[in-house]
Amino acid sequence: RETANALKRMPLNRAKTYLKNVIAKKEIIPFRRFMGGVGNHAQAKVHGTSQGRWPLKSCEFLLDMLKNAESNAEYKGLDADHLVIDHIQVQRAPKMRRRTY
């Protein structure tokens, strides 16, 4: 959720470089809601907060999703340089059913 919120209203190329910088720990994802126990980092000052992390797993998943969205746009004939992330949403996966015998 925090990683997706950081990408809102960002151009597609900037979002991809931002996620790659987060994986390389050059930029940070600001944690605004789920911030209990998250330490303070100087990189978060850019976003107007003091807490943030570098979530590798969510960044890699979102990077794959953005590559997929870019290829879908190119297939439809859209210009990939002018794409902007207008809406992004992350939801919890459904709970799997556990049987007790």
Fill in: Residue list for the range 42-60, filter: touching a residue at least 24 places away in the same chain (Cβ under 8 Å) and crowded, with 16+ Cβ neighbours inside 10 Å
HIS47, GLY52, ARG53, TRP54, PRO55, SER58, CYS59
Item to complete: Search the range 61-83 for residues being touching a helix residue (DSSP H, G or I) at 6+ places or on another chain (Cβ under 7 Å) and under 20 Å from GLU2 (Cβ atoms), and hand back the single one that is surrounded by the fewest Cβ atoms within 10 Å (Cβ to Cβ).
Response: LEU63
Worksheet item: Filter the range 42-94 for residues that are assigned to a loop (DSSP other than H, G, I, E, B) and among the aliphatic types (A, V, I, L, M); which is modelled with the lowest pLDDT?
Response: ALA93
Practice prompt. For the range 4-40, name all the residues that are assigned to a helix (DSSP H, G or I), β-branched (Val, Ile, Thr) and crowded, with 20+ Cβ neighbours inside 10 Å.
Written response: VAL22
Item to complete: Test THR100 against the criterion of being assigned to a loop (DSSP other than H, G, I, E, B) and open to solvent by less than 60 Å² (accessible area, probe 1.4 Å), and give yes or no.
Response: no
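The values are calculated or read from the model by the stated rules, or taken from the named source; none is laboratory data. Keep in mind the model is a prediction, meaning the values are calculated, not measured. When we count neighbours, we look across all protein chains shown, and the Cβ atoms used for this are built from the backbone with ideal geometry, even at glycine. Calculation scope for accessible area: heavy atoms of the full protein, side chains included, ligands and nucleic acids excluded. Shrake-Rupley method; radii C 1.70, N 1.55, O 1.52, S 1.80 Å.
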